[in-house]
Amino acid sequence: MRYKFAEIFEQIAKKDKKTVFMTGDLGFHAFERLRDKLGERFINAGVAEHNMVTAAAGMAYAGLKPWIYSIAPFVTIKVLEEIRNDICLPNYNVKIIGLGGGYDYGIAGPTHHAINDVGIMMTLPNMRIYTPGFAEHIAPIITKLNKESGPTYLRLTKAEPLNIKIPQYTSLQRIIRGDKVVVVVLGSIINKVLPAIQGLSRKNSVDLWLVSELPFNLTKELKTSLQKTSNIVVVEEHVKTGGLGDYFQHLLVESKIYPKKYRHLHSRGYISHRYGSRDFYLKENKLDRESLKKELST
Amino acid sequence: MLSRKKKNLSKELRLKIVKLASKVPSAHPHIGSCMSCIDMLIQTLIYEMKPSDKFILSKGHASLALYVVFNFLGKISDIELEKTYFEDGTQFGIHTPGTLPKDIPLATGSLGHGLSFAAGLAKGFKLLGQNNRKAYCLMSDGECNEGAVWEGALFASHHKLDNLFVLIDRNKLQAFGRTKDVLGDAANPAKWRAFGFNVISCNGHNLKEIENSFSQLRALNKGKPNLLIGNTVRGKGIKAIENKVVSNYTTVVGEFYKQAIEDIKNMD
């Protein structure tokens, strides 16, 4: 998604001269062109993320629109206090772009993973979270981000080509229509859930929904489906606490929807403490295609 | 208003700090730190800054000193300050608040944030072509323990932020000891010169010296951020707590209060 991000952001920044792009020394083989095009509005802030976050807040106060970028844990967990105090509490217009939500960085290991980032960001005032599932949604999302004012966290991941016609972007959307079970997915893991569903022998059973923004409200269509099926599965590449699962349960209770069956498929962290690819971690956490297929068959 | 003698202003605002702190049944106002930086605040905010400049008090625990300066400047009314300070629902935090964003761009209290914010402001002014605007930031020497301060220093220097004026209130004390006994003197001028700053040190309680230091900084090489190190005394003006760690843990009541008023009135 970062290539797509660089391409679209360049177009936005070309028109909107108030935008500033700051990176924590990352972007090799991805942001060279953006750097050349943006000139002084492209700032490599160095391996100094605490300063990058707070300096961005200062720039926002001055009237600019700073976007700050790094590997997801380095612009979330590492700099939590700067985000809370300097961006969120005063509601300053800073966009935080984290690359590698979930286990995206694979064998780079837990230091580079972000499996509790959404939960942390969800606790912050004024924060909006974007968790795109498809590279095709990057353009509408960052166009929207640039129009909005206020703190934002965009969780980017490596997208995979999928055998589906990608629908036009909305924050909460139905991807596949079905009538037996509602599956609600947070962003990145869609690229495992979708092939799992496509591999099911029984067709049209899964009503698949993708969440790309938090917080959100249940739509009428989703409520109807939740009530009708009374069978819900929430899937996320994130720990149990603080992410989509937690939030969705609150939405259900608030809407007085009490399903007969509710399952939350989430990351459990590091099972074997061994290193491997994203698929290795997903398999350990039963979030890989085969495990999901098995779970959704029942 | 500005024709008043500066020396009287130092006493007048110290007295106001002590009187406001005397309303508080605890040591929350950090009276020692307020007395330490009040003279630098007076010179910077009242005499140096232009209306379009911005100031960040990074050592947010000295907010009461900032309030009395804003009160003098007419930005905060007597009634507001005297009636509501330390009352429930007040907009005047014990740490510099987010309730007055025009004059206080950043709520501080957790140390080590102000320099980066001010550097971002200074960089922002330059990117926007607002070349006459300046960003000011006052930190404490203890605060320079924070790693983020040095990230901010690298950024300010690398981006040649000559529109950034940093002040360090170097009273050589921090929360639980002397700076030299905790992590060493992080406000040492040589350290900051090595980080690419124009540095001038002076007596941080002498308004004339502070004024001259600002003039000297402006005359130094362009293309560098500026640092004014004020050598100060925590609790300055209140003899019982001067240069003592306890100065930030003192409740202003009874005999202490009466003596503090006397001491300040008799300051040289």
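The values are calculated or read from the model by the stated rules, or taken from the named source; none is laboratory data. Fair warning: this is a prediction, and the values are worked out from it, not measured in the lab. Using ideal geometry, Cβ is built from the backbone for each residue, glycine included, and neighbour counts are taken over all protein chains shown.
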Checklist entry - Can you pull out the residues in the range A:242-284 that are among the polar types (S, T, N, Q) and touching a residue at least 60 places away in the same chain (Cβ under 8 Å)? => result A:S267, A:S277
Next on the checklist: Condition first: within 11 Å of chain B (Cβ to nearest Cβ), part of a strand (DSSP E or B) and buried (at least 24 other Cβ atoms within 10 Å of the Cβ). Can you find one or more residues in the range A:73-92 that meet it?
Outcome noted: no
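Look at A:N126 and say whether it is farther than 20 Å from A:E7 by Cβ and either crowded, with 24+ Cβ neighbours inside 10 Å or without any contact (Cβ under 8 Å) to a residue 40 or more places away in the chain (or both).
Answer is yes for this residue.
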Checklist entry - What is the residue count in the range A:46-72 for residues that are in contact with a Gly (Cβ under 6 Å, 6 or more places away or on another chain), of a type in the set (G, A, S) and either in a loop (DSSP other than H, G, I, E, B) or more than 8 Å from chain B (Cβ to nearest Cβ) (or both)? => result 2
Checklist entry - Name the residues in the range B:81-135 that are under 18 Å from A:I68 (Cβ atoms) and hydroxyl-bearing (S, T, Y), would you? => result B:S116
Checklist entry - Consider B:C137 against the criteria (1) within 8 Å of chain A (Cβ to nearest Cβ); (2) crowded, with 24+ Cβ neighbours inside 10 Å: it satisfies all of them except one. Which criterion is unmet? => result (1)
Next on the checklist: For the range B:140-159, give me the residue count where each residue is more than 13 Å from chain A (Cβ to nearest Cβ) and either surrounded by fewer than 24 Cβ atoms within 10 Å (Cβ to Cβ) or not charged (D, E, K, R) (or both).
Outcome noted: 4
Checklist entry - If you check B:P51, B:P29, which single one turns out to be assigned to a loop (DSSP other than H, G, I, E, B), out of contact with any Phe, Trp or Tyr (no Cβ under 7 Å at 6 or more places or on another chain) and in contact (Cβ under 8 Å) with a residue 12 or more places away in the chain? => result B:P29
Checklist entry - So, in the range B:239-255, of the ones that are assigned to a loop (DSSP other than H, G, I, E, B) and under 18 Å from the mean Cα position of the chain (by Cα), which residue ends up nearest to B:M267 (Cα to Cα)? => result B:E242
Item to check | Selection status of A:T23, in the same structural domain as A:H113 (by TED's automatic domain parsing), of a type in the set (S, T, N, Q) and in contact with a Lys or Arg (Cβ under 9 Å, 6 or more places away or on another chain) | outcome: yes
